[in-house]
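The values are calculated or read from the model by the stated rules, or taken from the named source; none is laboratory data. Just so it is clear, the structure is predicted and the values come from calculations on it, not from any experiment. Note that we place each Cβ from the backbone using ideal geometry, even for glycine, and neighbour counts take in every protein chain shown.
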Amino acid sequence: MRDMPDRWKPNLTVSAIIERDGRFLLVEEETADGLKLNVPAGHLDPAESPIEACAREVLEETAFSFTPRALVGIYMNRFTRTRTGADITYVRFAFTGDLGTHHPERSLDDGVLRTVWMTLAELQASAARHRSPVVLQSVQDYLAGQRFDLGLLHVDASVYEVPGPAERGPTSRNPSSRGPDTRSGGRRPAGMLPADQLPDDPSL
C-alpha cells in the first residue's frame with residue numbers, strides 16, 4: 001500500500017443529551033458565526049475515552065457533574081469554516097446519563113456564555129441557531145427511546161499508554177473506570193431557564 005501522508009480524517013467529538021422535567025440542557029456559545037446553541041459537546045483529549053470525554057465536557061461547559069449511562073447514537077455531519085473555508089467532517093458520539101451536582105464556583109469553558117434549559121418546541125424553533133445540525137436529531141432520537149449499551153465501546157489499554165513498539169498486547173480496560181477530568185473549564189429567549197435555577201432532583 002502506498003504512503004498516504006494527506007489521508008483524510010474526520011474529527012471525533014462527543015455530546016450529552018440531558019433532560020430534566022421536559023427540558024434539555026444546552027449551552028449558548030460564541031462562534032465565528034455569532035451566538036450559537038449546542039448541547040454540551042467537544043473533542044476528545046489525548047489518552048481519553050469517549051465516555052470520559054463526555055463527562056469532562058459537561059463539567060467544563062455547564063459546571064454540572066455528569067455520568068454517561070447509554071449511547072444515544074453516532075452522528076456524522078460536514079461543515080465549512082466561515083473564516084478559513086476549511087471543509088471539516090465531524091463524527092459525534094451522543095450520550096445520555098445521570099446529571100449530578102452543580103458546581104456554581106466553577107467558571108464555564110472559554111466561549112460559553114451561559115447554560116439554558118429548553119423544551120423540544122424551543123429547540124425546534126431555534127434550529128437555525130444550532131451549532132450542529134445533529135443537535136435536534138440526537139434529541140429526537142433520545143425522545144424516541146434510542147439507547148445503546150456502553151459496552152458497545154471498547155477502549156484498548158494502549159489509549160492510556162505512551163506508544164511504543166513493545167506495547168501491542170491484547171489488553172483492554174473499562175473506559176468508564178477513570179473519573180472525569182476535573183479541570184476548570186445575554187439575552188434569554190422567553191421560556192428558557194438558566195441551568196442553575198432549575199431545582200435539583202434528589203434522585204440523581
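Checking each residue in segment 10-66 for being in contact with a His (Cβ under 8 Å, 6 or more places away or on another chain) and small (Gly, Ala, Ser) picks out Ala53, Ala63, Ser65.
Out of Pro202, Pro163, one residue alone is modelled with pLDDT under 65, assigned to a loop (DSSP other than H, G, I, E, B) and over 17 Å from Ile74 (Cα atoms). It is Pro202.
In this entry, Gly34 passes the filter for residues that are surrounded by fewer than 23 Cβ atoms within 10 Å (Cβ to Cβ), modelled with pLDDT under 95, on the phi > 0 side of the Ramachandran plot and not charged (D, E, K, R). For Ser65, are the conditions met, namely being farther than 15 Å from His130 by Cβ and not in a strand (DSSP E or B)? No.
Asp149 fulfils the conditions (1) surrounded by fewer than 17 Cβ atoms within 10 Å (Cβ to Cβ); (2) closer than 21 Å to Ala41 by Cα; (3) at pLDDT below 95 except for a single criterion, (3). From the list Glu57, Glu48, the lone residue that is surrounded by 12 or more Cβ atoms within 10 Å (Cβ to Cβ), in contact with an Asp or Glu (Cβ under 9 Å, 6 or more places away or on another chain), within 20 Å of Pro133 (Cβ to Cβ) and not small (Gly, Ala, Ser) is Glu57.
Of these, Glu48, Glu52, Glu60, which one is assigned to a loop (DSSP other than H, G, I, E, B), closer than 30 Å to Pro163 by Cα and at pLDDT 95 or above?
Values: Glu52 fails: assigned to a loop (DSSP other than H, G, I, E, B); Glu60 fails: assigned to a loop (DSSP other than H, G, I, E, B).
So the residue among Glu48, Glu52, Glu60 that is assigned to a loop (DSSP other than H, G, I, E, B), closer than 30 Å to Pro163 by Cα and at pLDDT 95 or above is Glu48.
To keep it simple, each residue is scored yes or no on (1) over 21 Å from Gly34 (Cα atoms); (2) surrounded by fewer than 14 Cβ atoms within 10 Å (Cβ to Cβ).
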position: Val72; (1), (2): yes, no
position: Ala86; (1), (2): no, yes
position: Tyr90; (1), (2): no, no
position: Asp98; (1), (2): yes, yes
position: Leu123; (1), (2): no, no
